[in-house]
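Read through the structure below, which is laid out as structure tokens, and then see the notes.
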Amino acid sequence: MKKPMSYLDSVHRDGRIWGLFICFLIVCFPLAVSVLFGAFPQWEALWKGLLATAPMYWAVGIIEIFTYIPMLGAGGAYLSFVTGNISNLKLPCALDAMERANVKANSEEGEIISTIAIAVSSIVTTVIVILGVILIVPLSPILEAPVLDPAFDQMLPALFGGLAVVFVSKNRKLSVAPIVLMLALFIFVPALNRDTVGIMVPVGVLFTLLVARIMYKKGML
Amino acid sequence: MTFHVNHPILYVLVGIIIAAVLAQSVYFLVRAMRRAKEIGIDSAVVRKTITSSAIFTIAPAVSVLVGVVALSKSLGVALPWLRLSVIGSLSYETIAAGNSIEALGMTFGDQITDPSAYVTVLWVMTIGIIIGLILTPLLTKRIQGGMKKIENRDKKWGEILTNAMFLGMISAFLGYVFCDVSLAFTGDFTGLIPVCVMAVSAVVMAICGLLATTCKQHWMNDYALPISLVLGMASAIPITAWLS
């Protein structure tokens with residue numbers, strides 16, 4: 001008799017189907033616009049634009065997959081890589097939810113809580129953006145008000161300040177080395193800034209794993 | 001059909017894709033809630049997860065909306081709506097759209113009127129982000145299988161491993177907060193703005209934690225992250241005025 005599929009296996013099966021289906025839709029969009037308006041890309045500009053964009057973003061995309069999938073859980077990964085805003089929204093949301101629910105990220109409970117948090121976050125984002133698009137005319141002057149600029153500019157520090165208190169206080173010993181390294185790198189290497197922080201996430205992750213392994217082997221954790 | 005960046009048909013096409021993305025999220029949400037019930041996760045915990053995740057998402061979602069407004073000047077509303085609802089981030093989309101508009105010999109900010117220019121921008125933006133969409137379905141099971149193997153070999157190390165990854169990510173962002181502090185030595189204090197905002201948010205988080213435990217206001221714990229996020233963002237307004 002065939003063994004019934006586990007919850008996790010079914011998440012992987014459904015995640016693949018949904019992921020490939022949405023990928024297909026995304027590719028169909030430019031094709032449909034071409035057909036409907038009888039317009040084709042300007043090949044030289046397309047090639048130039050791609051050369052300036054794709055190599056870097058493909059490299060970053062591949063690194064992000066290996067960095068974030070282990071942290072997001074299965075359901076969370078399939079959803080996050082479709083809706084985006086992983087490091088500034090989905091992952092913090094899942095981390096906070098797992099912390100509040102007191103579940104471990106690598107347990108089935110963690111998988112479920114993180115999926116619920118990320119799904120809700122994706123739905124709320126999508127709905128808010130839909131409402132914003134409908135109301136774009138009256139909302140634009142408010143959203144573009146210069147007085148609000150600094151608040152949106154500083155979203156990441158405001159987010160990670162709170163998140164750091166929770167995680168650093170729970171892992172004091174382990175957090176010292178990576179924080180010192182990252183502060184030193186960002187302060188003294190001028191090339192590191194808001195645009196390059198995404199590339200530094202895997203560096204931070206690998207370094208912290210190395211430190212954790214050494215401390216674990218020495219019985220310090 | 002005469003092309004316009006805000007042609008109704010573009011909204012219909014984008015609407016179909018957004019509906020599929022919403023359906024996927026709802027599908028996974030329902031599946032996870034059912035499974036939660038099956039394995040006995042308290043329904044109060046599920047309810048709290050839903051409400052606190054929803055509230056936490058509001059401020060970042062509004063900042064996504066700001067991105068849609070910013071990009072809509074060149075590209076109309078439909079394309080930024082799609083690109084920022086599916087995978088995109090404002091920084092990526094601005095660079096991708098900027099690169100392709102530049103390659104077309106146009107200036108970023110001018111509205112695109114030529115359909116072939118629009119299709120060119122569309123393809124550059126789509127091909128640029130497609131890698132994550134293709135590889136996630138192909139690699140997720142394998143990557144997570146690898147993690148499970150490590151955990152099965154040594155359960156304690158498995159727990160430390162995921163915690164270490166989270167800390168690694170958080171430390172990178174903490175580092176970024178300090179990236180411009182050295183400007184203070186040249187008399188430019190704007191580099192201290194993110195540091196002060198982070199400090200405000202951290203203090204608010206700590207106060208929420210204290211109130212939750214000492215005054216038995218446990219609801220505070222569930223909303224501590226959105227509260228610290230919004231107050232941190234709000235504090236950026238006077239702090240920026242002060243330090244600029």
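Expected output is a single nm value to one decimal: the length gained when fully extending between residue A:214 and residue A:187, i.e. 0.36 nm times separation in residues minus the C-alpha distance. What is it?
7.1 nm
For a quick check, take a GNM of chain A with Cα springs below 10 Å and name the residue from A:52, A:74, A:119 with the largest mean-square fluctuation.
Taking springs between Cα atoms under 10 Å, the residue moving most is A:52.
May I ask you to list the lysines whose Cα is less than 16 Å away from that of residue B:149, ignoring any residue fewer than eight positions away on the same chain?
In chain and number order, the partners are B:141.
Could you sort B:113, B:51, B:107 by their accessible area in this structure, using a 1.4 Å probe and putting the largest first?
B:113, B:107, B:51
Over region B:1-118, what percent of the accessible surface lies on carbon and sulfur atoms, probe 1.4 Å?
Ligands and nucleic acids excluded, carbon and sulfur give 63 percent.
Take the alpha-carbon centre of region B:190-244, take the same for region A:52-106, and report the distance between them in whole Å.
24 Å
Using a basic spin-label model with each label point 7 Å from the Cα along Cα→Cβ, how many nm lie between residue B:6 and residue A:6?
In this crude spin-label approximation the distance works out to 5.2 nm.
Given the -39500 (n - 2.57) contribution per DSSP H run of 4+ residues, what per-residue ellipticity at 222 nm results for the protein assembly as shown, rounded to the nearest 500 deg cm²/dmol?
About -27500 deg cm²/dmol.
Could you tell me which of rounded, prolate or oblate describes region B:97-224, using a ≥ b ≥ c as the square roots of the eigenvalues of the alpha-carbon gyration tensor, with rounded for a/c under 1.5 and, failing that, prolate when a/b is larger than b/c and oblate otherwise?
oblate
Any idea how far apart residue B:218 and residue A:149 come out in nm if each label point goes 7 Å out from Cα toward Cβ?
4.6 nm
Over chain A, with every protein chain in place, what whole percent of the accessible area is carbon and sulfur at 1.4 Å, could you tell me?
72 percent
Rounded to the nearest 0.05, what FRET efficiency do residue B:30 and residue A:44 have when you use their Cβ-Cβ distance and R0 = 56 Å?
0.75
Label region A:1-134 by shape, choosing from rounded, prolate and oblate, from the square roots a ≥ b ≥ c of the eigenvalues of the Cα gyration tensor; if a/c is under 1.5 it is rounded, and otherwise prolate applies when a/b is larger than b/c, oblate when it is not.
Judged from the Cα gyration tensor, region A:1-134 comes out prolate (a/c at least 1.5, a/b above b/c).
Counting other C-beta atoms within 10 Å, and keeping those with at most 12, which DSSP coil trypsin sites (Lys or Arg not before Pro) do you find in region A:159-221?
When the trypsin sites (Lys or Arg not before Pro) of region A:159-221 are filtered for loop state and at most 12 Cβ neighbours within 10 Å, A:218 remain.
Length gain on complete extension for the stretch residue A:62 to residue A:35, per 0.36 nm per residue less the alpha carbon to alpha carbon distance?
Working: separation 27, 0.36 × 27 = 9.72 nm, distance 3.14 nm.
Length gained, residue A:62 through residue A:35: 6.6 nm.
Over both sides of the B-A contact, add up the buried accessible area with a 1.4 Å probe and give it to the nearest 100 Å².
Interface between B and A: roughly 13200 Å².
Put +1 on the Cβ of each Lys and Arg and -1 on the Cβ of each Asp and Glu in chain B; which of B:220, B:82, B:199 then has its Cα farthest toward the positive end of the dipole?
The one lying farthest along the dipole's positive direction is B:220.
Within region A:130-171, what residues put their amide N at less than 13 Å from the label point 7 Å along the Cα-to-Cβ vector of residue B:244?
A:145-154
What are the DSSP H helices in chain B that stretch 18 Å or more along their long axis, judged by alpha-carbon atoms, and whose average Kyte-Doolittle hydropathy comes to at least 1.6? Don't skip to the answer; put the middle values down first.
Details: long enough: B:8-38 (44 Å, 1.23); B:43-75 (46 Å, 1.36); B:90-103 (19 Å, 0.26); B:115-153 (56 Å, 0.69); B:155-177 (34 Å, 0.78); B:193-214 (31 Å, 2.25); B:219-243 (34 Å, 1.12).
Those that clear 18 Å and a mean of 1.6 are B:193-214.
Rounded if a/c is under 1.5, else prolate if a/b beats b/c, else oblate: with a ≥ b ≥ c from the C-alpha gyration tensor eigenvalues square-rooted, which is region A:65-206?
Here region A:65-206 falls in the oblate category.
Using label points projected 7 Å from each Cα along Cα→Cβ, tell me how many nm separate residue A:196 and residue B:114, to one decimal.
Distance between the two pseudo-spin positions: 3.6 nm.
If you count, for every residue in B:96-104, the Cβ atoms of partner chains within 10 Å of its Cβ, what is the mean?
Per residue, the average neighbour count from other chains is 6.
Once whole DSSP H runs in chain A are found, which of them have Cα atoms spread over 20 Å or more along the helix axis and a mean Kyte-Doolittle score of at least -0.5?
Passing helices, by number: A:7-37, A:43-72, A:108-134, A:155-170, A:172-188, A:197-217.
Accessible area per residue, 1.4 Å probe, Å², for the protein assembly as shown: what's the number?
42 Å²
With chain A treated as a Gaussian network of Cα nodes joined by springs under 10 Å, which of A:157, A:138, A:70 yields the largest mean-square fluctuation?
A:138
Compute the signed sum of charges (Lys and Arg +1, Asp and Glu -1) over the other residues within less than 13 Å, Cβ to Cβ, of residue B:133.
Working: positive: A:16, B:83; negative: A:64.
That works out to +1.
Of B:37/B:216; B:48/B:216; A:104/A:173; A:104/B:37; B:48/B:156, which sit over 22 Å apart, Cα to Cα?
Cα-Cα > 22 Å for B:37/B:216; B:48/B:156; rest within.
Evaluate peptide B:211-218: per residue, the Cβ atoms of other protein chains within 10 Å of its Cβ; return the mean as an integer.
Working: counts 0, 0, 0, 0, 0, 0, 0, 1.
Per residue, the number of nearby Cβ atoms from other chains is 0 on average.
The values are calculated or read from the model by the stated rules, or taken from the named source; none is laboratory data. No experiment lies behind these values; they were computed from the predicted model shown. Note that we place each Cβ from the backbone using ideal geometry, even for glycine, and neighbour counts take in every protein chain shown. Note: areas computed on protein heavy atoms with side chains; ligands, DNA, RNA excluded. Shrake-Rupley method; radii C 1.70, N 1.55, O 1.52, S 1.80 Å.
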